[in-house]
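**Q** Before we start, here is the structure in question, set down as structure tokens.
The values are calculated or read from the model by the stated rules, or taken from the named source; none is laboratory data. None of the values given here were measured: they were computed from a predicted structure. Cβ coordinates were reconstructed from backbone atoms using ideal geometry, including for glycine residues, and neighbour counts include every protein chain displayed. What goes into the accessible areas is simple: the full protein's heavy atoms, side chains included, and nothing from ligands, DNA or RNA. Shrake-Rupley method; radii C 1.70, N 1.55, O 1.52, S 1.80 Å.
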Amino acid sequence: MISYMKARFILKDQNGVTKTPKFIETERRFLKNTVEKYRDDVYNSFYEYFRNYTKLQLTPVHQMLIRAAFKFEKIGRRQFLVQEGDMCKYICFVISGALRIYSVNERGQEAVVTFAIEQNWISDWESVVAQTPSRYYIDAVEDSEILQISPVQLHALETKVPAINEFLRLEQRVVAVATQKRIHAAISMNAEERYRDLLEHHPEYFQKFSQNMIASYLGITAETLSRLRKR
């Protein structure tokens with residue numbers, strides 16, 4: 001017969017399966033190893049991203065420096081990374097999920113500035129660079145996973161890892177072109193042209209974000225977007 005002192009350490013899960021202390025410890029180690037392996041896979045994919053982007057190799061030391069600088073975080077749906085008035089402290093790389101940057105006017109209306117999905121970067125660059133309070137909100141539209149780094153850490157990293165230095169040089173050009181295209185769309189295209197352009201270049205947005213968010217990004221009403229999608 002099992003003594004009382006021993007029996008009180010025997011647990012059962014929701015399916016009625018007995019869990020002894022040894023079983024629980026084995027399960028704990030398995031879960032820990034599974035999480036660690038997943039994070040290894042995440043960082044290995046991140047290294048591959050930099051290699052593909054820059055065409056430069058990463059030494060084991062470079063990989064170690066990147067992993068130490070970029071912190072893995074899970075962000076729940078509707079959780080804020082930044083709220084208006086906050087200082088934006090991090091630059092984030094999206095592993096999975098979907099996030100957005102938006103402002104809210106005095107009438108409570110949202111204006112979406114940008115979206116970010118898998119393998120996109122997101123940050124309030126004005127707040128990060130100038131170290132001023134943000135004018136925007138950044139939140140997760142769905143459960144997301146990110147790698148985040150502070151601007152100080154990123155600057156230190158670019159002096160030690162050539163691939164990071166090259167990435168920042170190339171990315172600056174990409175951001176400049178994307179910004180110019182966004183401005184051109186806003187001032188030179190009508191509503192239907194902006195919708196068609198977004199549908200052509202970012203069809204994935206229509207799977208990730210609500211119609212109201214897409215409409216806000218395009219600068220039109222949800223009703224107008226609905227009519228355009230029916231054509």
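**Q** Can you pull the percent of Cα pairs in segment 28-85 with separation above 20 Å?
**A** 46
**Q** Now a separate question. Please give the charge dipole size of the chain, origin at the Cα centre, charges +1 on K and R Cβ atoms and -1 on D and E Cβ atoms. Round to the nearest 20 debye.
**A** 740
**Q** Suppose we take every Cα in segment 123-188 and form the convex hull; what volume per residue is that in Å³?
**A** 129
**Q** Kirkwood hydrodynamic radius, the chain, all distinct C-alpha pairs: what's the number in Å?
**A** Here the Kirkwood hydrodynamic radius works out to 20.8 Å.
**Q** For a Förster distance of 30 Å, can you work out the FRET efficiency between the beta-carbons of L168 and S226, rounded to the nearest 0.05?
**A** 0.15
**Q** Sorted by accessible area (1.4 Å probe), largest first, how do R229, R135 line up?
**A** These residues rank, largest area first, as R135, R229.
**Q** Kirkwood Rh over Cα pairs of segment 61-162 into Stokes-Einstein at 37 °C, 0.692 mPa s: D in µm²/s?
**A** Estimated diffusion coefficient is 232 µm²/s.
**Q** Roughly how tilted is helix 191-201, in degrees to the nearest 10 and between 0 and 90, from the longest Cα axis of the chain?
**A** On a 0 to 90 degree scale, this one is about 40.
**Q** Which percent, to the nearest 5, of DSSP beta bridges fully inside the chain are antiparallel?
**A** 100
**Q** Distances over 24 Å make up what percent of all Cα-Cα pairs in segment 126-231?
**A** Distances greater than 24 Å cover 44 percent of the Cα pairs.
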